[in-house]
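Just below is one structure, and these are the notes that go with it.
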Amino acid sequence: MSKKCIIVGASHAAAQLATSLRQEGWEGDILMIGDEPYLPYHRPPLSKTFLAGDKTAEELAIRPADFYVKKNIGLLQGRVSKINKDQQIVTLSDGQEMSYDKLALCMGSRVRKIALPGSDLAGVHYLRDIADVEGIKSGVKKDNNAVIIGGGYIGLEAAASLRKQGMNVVVLEAAERILQRVTAPELSGFYTRIHSEEGVSLHTGISVLSIDGGTHAEKVRCAKGIEFTADLVIIGVGILPNVELAEEAGIKVDNGIVVDEYCCTNDPNIFAAGDCANHFNKIYNRRIRLESVPNANDQGKSAAASICGNSKEYKSLPWFWSDQYDLKLQIAGLSQGYDQVVIRGDKLAGRSFAAFYLKEGQLIAADCVNRPQEFMLSKKIITEKIDVSADRLADESIAVKEML
Ligand SMILES: Cc1cc2nc3c(=O)[nH]c(=O)nc-3n(C[C@H](O)[C@H](O)[C@H](O)COP(=O)(O)OP(=O)(O)OC[C@H]3O[C@@H](n4cnc5c(N)ncnc54)[C@H](O)[C@@H]3O)c2cc1C
């Protein structure tokens with residue numbers, strides 16, 4: 001009898017997992033169940049080229065529809081509302097029940113919503129999926145005012161895309177610096193300068209009290225009597241992993257679905273990958289949950305191998321990227337816990353530099369802005385734990401190729 005693998009979710013992790021299942025030799029049925037009405041699509045362009053109008057929704061597809069047909073991968077639009085792990089059955093929100101031999105949870109994450117008066121007014125948006133961005137795009141108008149609540153990567157990428165289209169943009173960040181949750185002060189300082197030079201009005205340490213208007217947003221009201229006129233508001237204050245379905249089914253959850261280095265949960269037939277999974281990272285010697293496409297893809301590959309009984313350990317170095325204006329930021333590793341920063345290039349002028357983060361003399365992470373060579377080198381140094389002194393990293397007279 002043919003075996004069946006059901007994948008909950010149909011985005012980066014799911015699409016990779018399904019594809020890798022075939023590569024790993026899975027001959028049974030594969031069904032991806034996703035609740036968005038699209039083929040699996042690339043999410044990163046949503047705040048970048050798609051919002052800027054440089055890409056259409058069709059161009060976002062990870063693979064064309066006929067790819068899934070050729071690989072005999074089923075795609076069903078629906079929402080899984082219950083898992084019965086003892087009977088190996090999932091229930092969809094329309095009551096349909098489906099049995100599985102193996103189940104992969106690729107449910108990703110959702111935006112963190114804030115209980116802000118006025119956040120339900122027309123013209124106020126979150127930014128996670130194609131529908132959100134279609135809504136935002138309908139409010140983009142040259143010389144109109146956009147207020148972005150949240151100075152993380154998504155808020156800043158949206159700011160860059162809206163500036164490109166001639167909007168007046170204000171970014172409001174509650175913390176003392178932009179990107180505070182995700183990066184070191186070096187990078188926050190750099191992007192503060194860049195956005196200011198590009199004409200974005202950045203405000204940190206500010207608390208938003210409400211969004212005011214009749215039926216449509218008109219202004220954002222902050223503490224100390226500060227107000228900003230707003231024709232368009234985007235809220236980008238982080239995400240939450242989609243773990244409730246797993247938790248209710250008795251699968252272990254702790255800031256994400258807990259998986260081992262092979263993406264297996266505490267149930268031998270259930271696996272998890274992507275934003276919703278929390279894994280033990282051997283490079284950093286701790287559990288982490290990552291929110292990035294490379295992680296979703298690599299965990300998807302590892303989970304597929306495990307499902308097929310071939311073990312492929314997930315041990316990739318975390319890496320990320322962000323595109324704002326003409327700047328490509330590539331981040332290798334995680335900088336938390338660093339005790340020394342060295343800069344290669346000039347972060348106070350120009351648009352290209354690298355910040356290297358060291359702990360006890362060893363490179364643990366690097367932020368590389370328009371510096372692809374330094375990024376590639378950093379990945380190698382961190383992964384292989386190669387000794388390179390701080391002085392050498394900072395010295396621009398030593399070519400990157402010669403650094404090792
Ligand atoms: C605007 C934006 C920009 C980004 N930019 C970058 C970037 O530059 N670089 C980078 O590395 N990462 C970026 N990311 C993050 C990246 O997109 C995510 O890490 C990635 O999408 C995670 O993939 P995933 O498959 O784990 O989850 P998701 O992409 O979140 O997909 C999960 C899917 O499962 C569906 N789902 C959830 N529960 C159920 C259920 N019960 N039944 C059916 N379906 C369900 C969800 O609706 C969703 O479609 C960005 C994200 C956003 C939103």
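Gln23 label point, 7 Å along Cα→Cβ, cut-off 20 Å on backbone N: hits in segment 266-291? Inside the label zone: 271-275. With all protein chains kept in place, the per residue accessible area of segment 1-113 amounts to 49 square angstrom at a probe of 1.4 angstrom. Considering only Ser2, Leu404, Leu39, and ranking their Cα positions along the charge dipole of the chain that arises from unit charges at the beta-carbon of Lys, Arg, Asp and Glu, the one farthest toward the positive end is Leu404. Within the straight-line cut-off of under 19 Å between alpha carbons, the lysines reachable from Lys71 are Lys3, Lys4, Lys102, Lys301, sequence neighbours fewer than 8 places apart in one chain being disregarded. Using Cβ point charges alone (K and R +1, D and E -1), the dipole size of the chain about the Cα centre works out to roughly 300 debye.
Once the other residues with Cβ under 14 Å from the Cβ of His216 are scored (Lys, Arg +1; Asp, Glu -1), what is the net sum? Its environment carries a net charge of -2.
The mean sequence distance of close C-alpha pairs (under 8 Å, at least 6 residues apart), as a share of the length of the chain, puts its relative contact order at 14 percent. DSSP beta bridges confined to segment 1-116 are antiparallel in about 35 percent of cases.
Put a plus charge on the Cβ of each Lys and Arg, a minus charge on the Cβ of each Asp and Glu, and nothing anywhere else: the dipole of segment 201-256 about its Cα centre is then about 280 debye. Helical runs assigned H by DSSP (4 residues or longer) give the chain a calculated mean residue ellipticity at 222 nm of -6500 deg cm²/dmol, each run adding -39500 (n - 2.57) before division by the residue total.
Please work out whether segment 37-131 counts as rounded, prolate or oblate from its C-alpha gyration tensor, where a ≥ b ≥ c are the square roots of the eigenvalues and a/c under 1.5 means rounded, while otherwise a/b larger than b/c means prolate and anything else oblate? Oblate is the answer for segment 37-131, as a/c is 1.5 or above yet b/c matches or exceeds a/b.
Accessible area per residue for segment 141-257, computed on protein heavy atoms with a 1.4 Å probe, is 42 Å². Please label the shape of the chain as rounded, prolate or oblate, based on the square roots a ≥ b ≥ c of the eigenvalues of the alpha-carbon gyration tensor (a/c under 1.5 means rounded; beyond that, a/b larger than b/c means prolate, else oblate). Oblate shape, in that a/c is at least 1.5 and b/c is the bigger or equal ratio. DSSP finds beta bridges in the chain, and of those with both partners inside it, around 60 percent are antiparallel.
Could you check how much of the accessible area of the chain is carbon and sulfur, as a whole percent, using a 1.4 Å probe? With neighbouring chains kept in place, the figure for the chain is 48 percent.
The values are calculated or read from the model by the stated rules, or taken from the named source; none is laboratory data. Everything quoted here is computed from the prediction, not taken from an experiment. Cβ sites come from the backbone with ideal geometry, for glycine too, and all protein chains shown count toward neighbours. Note: areas computed on protein heavy atoms with side chains; ligands, DNA, RNA excluded. Shrake-Rupley method; radii C 1.70, N 1.55, O 1.52, S 1.80 Å.
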